[in-house]
């Protein structure tokens, strides 16, 4: 019988891939903490309205990608496709709207039904931050700088570029929307089916289309920067000044709109050319009405999310964490009868080393096979307890790199020698 495979679009995190994944998450958590972000963990499923109400009825996420199902009580639930809406829901439902500003970091799995491709899965993982409350351009720049510092700490800042845009305020978007409709109607017969629907419901969404014909039409479409109010233009200018003060380089890209309805003013993406056409690795922006839609009042927020799998793929070789240097304790096991004296002593030494924060692999193999597996795993030190040696009061500590060994009769002497060898001593 062939082994059962994971569902399409999911994958197991094992070995080096898991070490990469954890390194990205731990690094992001550490950098975010320096910015004052506190970690929250929200449920992986929410009431469907949390996402349908906030992400936009015409967004690809809502119309094509959400995993939605009725539970046994008849409620419609959705596996979270992104993190921002859940964080804002948590702020509102936990009565924290009077404690703003709140700085939130999150990490965990998200779910979207889309075509699996390089670095994109149906169950994927994200890290993200949300700065809830402040409505000043400095907050936008601070969040972007946090994202940049995470990429820098991961050693991949030189592999990405920051692209920014403004989506303006409500008045700016209304004027831009009218201009877009006028322009797009001349090309309605050439637009994709999805974009023809969006033309009447949310023409701004067409700017985010991945259809090649749509993209060619969009290239000549009116830009929102031509319709900004004085306030929206000043806000955008202040974001750019603040980014310069943070020493974060950027280029302006008027076609960045982001894929969800709740964004306004600042939108940004960190983009790489190392992952092919799907080059965005960290992105976000400002949102003004999201908290209000979830019962949290009129406060705004700004944040970003980044796919952990895609960041992990960008790690340079020297940044990939290695397995911990550990010790192998080897004592051939008897398959029947009571535990042998050597097995009992081996177990005692194993636990003594572990309580001194030393990683130990208790081997269940024969001596020959155990030593081969230790060498294959780049184990540096082996503690060997053969039945005959233990009967004579001898415990062998072998340096597998230098192929040298010493013999001891006390557990504390074994521990001291192991620590010495792990530290690189002779």
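The values are calculated or read from the model by the stated rules, or taken from the named source; none is laboratory data. Remember, predicted model here, so these are calculated numbers, not experimental data. Note that each Cβ is placed from the backbone with ideal geometry, even for glycine, and that neighbours are counted across all protein chains shown.
Data for the structure
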{"quantity": "Residue in region 140-147 that is under 19 Å from residue 20 (Cα atoms) and surrounded by fewer than 15 Cβ atoms within 10 Å (Cβ to Cβ) present", "calculated": "no"}
{"quantity": "Residue count, region 159-179 (criterion: within 26 Å of residue 304 (Cβ to Cβ) and either part of a helix (DSSP H, G or I) or without any contact (Cβ under 8 Å) to a residue 24 or more places away in the chain (or both))", "calculated": "7"}
{"quantity": "Qualifying residues in region 137-156 (those that are out of contact with any strand residue (DSSP E or B) (no Cβ under 9 Å at 6 or more places or on another chain) and touching a residue at least 12 places away in the same chain (Cβ under 8 Å)) - the one nearest to residue 168 (Cα to Cα)", "calculated": "138"}
{"quantity": "Top-ranked residue in region 287-306 [being modelled with pLDDT of 95 or more and surrounded by 22 or more Cβ atoms within 10 Å (Cβ to Cβ); ranked as farthest from the chain's Cα centre (by Cα)]", "calculated": "302"}
{"quantity": "Residue within region 324-334 that is farther than 30 Å from residue 370 by Cβ, surrounded by fewer than 21 Cβ atoms within 10 Å (Cβ to Cβ) and touching a residue at least 60 places away in the same chain (Cβ under 8 Å) present", "calculated": "no"}
{"quantity": "Of all residues in region 212-257 being part of a loop (DSSP other than H, G, I, E, B) and out of contact with any helix residue (DSSP H, G or I) (no Cβ under 7 Å at 6 or more places or on another chain), the one that is surrounded by the most Cβ atoms within 10 Å (Cβ to Cβ)", "calculated": "256"}
{"quantity": "Residue 314 being crowded, with 18+ Cβ neighbours inside 10 Å, in contact (Cβ under 8 Å) with a residue 60 or more places away in the chain, closer than 26 Å to residue 20 by Cβ and in contact with a strand residue (DSSP E or B) (Cβ under 8 Å, 6 or more places away or on another chain)", "calculated": "yes"}
{"quantity": "Selection status of residue 383, assigned to a loop (DSSP other than H, G, I, E, B), buried (at least 16 other Cβ atoms within 10 Å of the Cβ) and touching a strand residue (DSSP E or B) at 6+ places or on another chain (Cβ under 9 Å)", "calculated": "no"}
{"quantity": "Subset of region 353-368 [in contact with a strand residue (DSSP E or B) (Cβ under 9 Å, 6 or more places away or on another chain) and assigned to a helix (DSSP H, G or I)]", "calculated": "353, 354, 367"}
{"quantity": "Test result for residue 53, out of contact with any strand residue (DSSP E or B) (no Cβ under 8 Å at 6 or more places or on another chain) and assigned by TED's automatic domain parsing to the domain that holds residue 308", "calculated": "yes"}
{"quantity": "Residue among 371, 421, 347 that is in a helix (DSSP H, G or I), within 41 Å of the chain's Cα centre (by Cα) and surrounded by fewer than 18 Cβ atoms within 10 Å (Cβ to Cβ)", "calculated": "347"}
{"quantity": "Enumeration of residues in region 108-124 that are crowded, with 20+ Cβ neighbours inside 10 Å, in contact with a helix residue (DSSP H, G or I) (Cβ under 9 Å, 6 or more places away or on another chain) and either assigned to a strand (DSSP E or B) or modelled with pLDDT of 95 or more (or both)", "calculated": "111, 124"}
{"quantity": "Qualifying position, being surrounded by 12 or more Cβ atoms within 10 Å (Cβ to Cβ) and either modelled with pLDDT of 95 or more or closer than 28 Å to residue 287 by Cβ (or both), among 65, 57, 38, 16", "calculated": "65"}
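Here is a yes/no grid of residues against (1) at pLDDT below 95; (2) outside the structural domain of residue 147 (by TED's automatic domain parsing); (3) outside any helix (DSSP H, G or I):
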site: 313; (1), (2), (3): yes, no, no
site: 336; (1), (2), (3): yes, yes, yes
site: 339; (1), (2), (3): yes, yes, yes
site: 375; (1), (2), (3): yes, yes, no
site: 388; (1), (2), (3): yes, yes, no
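One line per residue, one yes/no per condition, for (1) crowded, with 20+ Cβ neighbours inside 10 Å; (2) in the same structural domain as residue 84 (by TED's automatic domain parsing); (3) closer than 30 Å to residue 66 by Cα:
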{"site": "150", "(1), (2), (3)": "yes, yes, yes"}
{"site": "159", "(1), (2), (3)": "no, yes, no"}
{"site": "165", "(1), (2), (3)": "yes, yes, yes"}
{"site": "188", "(1), (2), (3)": "no, no, yes"}
{"site": "191", "(1), (2), (3)": "yes, no, yes"}
